[in-house]
1. Work out how much length R170 to A119 would gain on full extension: take 0.36 nm times their residue separation and subtract the Cα-Cα distance, in nm to one decimal.
2. Among (1) 65; (2) 31; (3) 27, find the value of percent of Cα pairs over 28 Å apart that was calculated from the structure presented, and write down its label.
3. For the chain, modelled as a Gaussian network with Cα springs under 10 Å, which listed residue fluctuates most, E141, E111, E94?
4. How much length, in nm to one decimal, is gained on full extension between E103 and V39, taken as 0.36 nm per residue of separation minus their Cα-Cα distance?
5. Count charges around A133 for me, please; just the other residues with Cβ under 13 Å from its Cβ, Lys/Arg as +1, Asp/Glu as -1.
6. Over region 23-104, what is the relative contact order in whole percent, taking alpha-carbon pairs under 8 Å and six or more residues apart?
7. Highest GNM mean-square fluctuation, the chain, Cα pairs closer than 10 Å: which of A59, A166, A15?
8. What whole-number distance in Å separates the alpha-carbon centres of region 88-158 and region 1-69?
Amino acid sequence: MTGRAKARPLSDRLAVLSDAVPAANRRARECEVEHRGVVAEIARLTDAVTNAYADGDEARAAKASKQRAALEQGSLREAEERLEGAHLAAAKAEAARGLFAAEHVDGLLAERLPDAVGAAAGAERALEDLSRAHARWNGVEAEAAALLRLAGRDTRDLPRFPERLATLVRDARHAGDVSVPPPTPGGLAMVPVAREALPANGASSC
């Protein structure tokens, strides 16, 4: 048994039940195709009977009529039963998945808590990394400008930090005291009271 199976047995069981739903629906569609094929063949034979009688060909009409009767009494009934059974199986698969989720939702959510906490922490780290990267860029840009001025060179050729990204940095800095909750019920209760402030613009922590 894998480590993931040990850690998330309910989720693994739900995955099995979820996989059964499209499989059952595919089988139902296959049965619908088979049923339509039989119905179409019966319609074709009905036309054949009619045309044979129109041509005055009793033997050909009797043959087509016999073939149609065989389909109506055998293949059509079997196709209808298969189709009904496939629809029932699909409904049962849907119901089993829903029932399992309803009975085990708390356990299923608990199995996702580590991922939820990791996702929230990752979002906070991304905000911090963005602000630190901007501060580092500004620091290097200031050094380059100072060297140019020292050498009597024009600093107007130095590129500017993209304004759209600078806006994101400012927004991230303003949100520096906002913690991201894990995306699970009760996640807000896990948010710490305060977070370490993001570095100020131009001050590098690197």
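Derivation of every value follows stated rules applied to the coordinates shown; laboratory data play no part. The structure presented is a predicted model; accordingly, all values stated were derived computationally and were not measured. FYI the Cβ positions are ideal-geometry reconstructions off the backbone, even for glycines, and counts take in every protein chain you see.
1. Details: separation 51, 0.36 × 51 = 18.36 nm, distance 2.23 nm.
Additional length available on full extension: 16.1 nm.
2. Computed from the coordinates, percent of Cα pairs over 28 Å apart corresponds to (1).
3. Taking springs between Cα atoms under 10 Å, the residue moving most is E141.
4. On the way: separation 64, 0.36 × 64 = 23.04 nm, distance 4.24 nm.
Fully extending the segment from E103 to V39 adds 18.8 nm.
5. Details: positive: R125, R132, R136, R173; negative: E128, D129, E141.
Residues close to A133 contribute a combined charge of +1.
6. Values: 51 pairs, mean separation 36.2, N = 82.
Once normalised by length, the contact order is 44 percent.
7. Ranking A59, A166, A15 by mean-square fluctuation puts A59 first.
8. Centre-to-centre distance over Cα atoms comes out at 48 Å.
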